[in-house]
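The values are calculated or read from the model by the stated rules, or taken from the named source; none is laboratory data. No experiment lies behind these values; they were computed from the predicted model shown. Because the Cβ atoms are built from the backbone with ideal geometry, glycine has one as well, and the counts that use them run over all protein chains shown. Remember, those area values only see protein heavy atoms, side chains included, never the ligands or the DNA or RNA. Shrake-Rupley method; radii C 1.70, N 1.55, O 1.52, S 1.80 Å.
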Amino acid sequence: MAKLLMLFVDGVEDTEAIATLDVLTRGGHEVTCASMMGRKTINPKLGRALTLEALIENIRLDDFDGVVIPGGPGSFKIMCYHPQIDSIISYFANNKKLVSAICAAPFMIGRLGYLKDRNFTVHPGFEDQVIGGNYLREKGVVRDGNFITGKSMWYSHEFGLEIDEYFNGKEHRENLEKSCKGEK
């Protein structure tokens with residue numbers, strides 16, 4: 001199972017963060033939720049405070065197999081301006097570790113050129129901020145190499161399942177999906 005870092009700021013899309021976290025945890029992954037706000041309590045898009053276990057400034061990136069970046073207004077109003085976000089994405093991308101983002105957040109990967117010549121999806125309206133990639137508007141979740149992108153909150157569950165499959169294979173994903181559906 002993977003050890004993953006999930007990044008949080010005020011205004012994060014609640015469903016993208018919590019549903020993805022839920023799927024990954026059910027899949028047996030260890031997910032550390034880190035605030036980039038300088039405080040452990042953040043205020044997501046819907047306004048119900050979340051208290052996280054870590055601050056980004058106390059995180060060692062080499063302890064993780066990948067990064068998960070939820071979207072929402074926080075990604076394009078706060079996170080994209082955080083002084084560490086580009087170096088965090090670059091660390092995981094350059095070390096061939098998983099880089100995953102959903103909704104608006106994939107634009108932060110794309111603006112750095114990491115999606116050039118790759119398939120990706122992103123919330124409509126942010127595709128022009130991605131340098132040179134192949135935008136798959138109709139796809140909810142796209143995996144290309146060590147990059148997984150999701151289109152919107154609607155695809156949060158599928159996004160989490162795709163991350164699980166990346167680390168554990170198709171059979172594990174199928175079993176996890178059945179479990180989430182309450183099937184045997």
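Among the residues of segment 47-57, is any part of a helix (DSSP H, G or I), surrounded by 13 or more Cβ atoms within 10 Å (Cβ to Cβ) and under 17 Å from the mean Cα position of the chain (by Cα)? So far as segment 47-57 goes, yes, one or more of its residues are part of a helix (DSSP H, G or I), surrounded by 13 or more Cβ atoms within 10 Å (Cβ to Cβ) and under 17 Å from the mean Cα position of the chain (by Cα).
Of all residues in segment 1-30, those satisfying the criterion of being surrounded by fewer than 22 Cβ atoms within 10 Å (Cβ to Cβ) and part of a strand (DSSP E or B) are Lys3, Glu30.
Can you spot a residue in segment 111-131 that is within 23 Å of Lys3 (Cβ to Cβ), among the aliphatic types (A, V, I, L, M), under 12 Å from the mean Cα position of the chain (by Cα) and surrounded by 22 or more Cβ atoms within 10 Å (Cβ to Cβ)? Looking for residues that are within 23 Å of Lys3 (Cβ to Cβ), among the aliphatic types (A, V, I, L, M), under 12 Å from the mean Cα position of the chain (by Cα) and surrounded by 22 or more Cβ atoms within 10 Å (Cβ to Cβ), one finds none in segment 111-131, hence no.
Among the candidates Phe107, Phe120, the residue that is among the aromatic types (Phe, Trp, Tyr) and within 22 Å of Asp14 (Cβ to Cβ) is uniquely Phe107.
Residues in segment 32-43 include none that are touching a Lys or Arg at 6+ places or on another chain (Cβ under 6 Å) and either buried (at least 19 other Cβ atoms within 10 Å of the Cβ) or assigned to a helix (DSSP H, G or I) (or both).
Looking across segment 134-155, just one residue is open to solvent by less than 70 Å² (accessible area, probe 1.4 Å), in contact with a helix residue (DSSP H, G or I) (Cβ under 9 Å, 6 or more places away or on another chain) and farther than 21 Å from Gly66 by Cα, and that is Tyr135.
Is it the case, given these coordinates, that Leu61 is at pLDDT 95 or above and farther than 22 Å from Ile148 by Cα? Don't jump to the end; show me each part of the working.
Numbers: at pLDDT 95 or above: yes; farther than 22 Å from Ile148 by Cα: no.
The answer is no for Leu61.
Note on segment 83-106: residues that are farther than 18 Å from Glu127 by Cβ and either surrounded by 22 or more Cβ atoms within 10 Å (Cβ to Cβ) or at pLDDT 95 or above (or both) total 14. So is Glu158 open to solvent by 30 Å² or more (accessible area, probe 1.4 Å), among the charged types (D, E, K, R) and either touching a residue at least 60 places away in the same chain (Cβ under 8 Å) or within 16 Å of Ile102 (Cβ to Cβ) (or both) or not? When the stated conditions are applied, Glu158 passes them.
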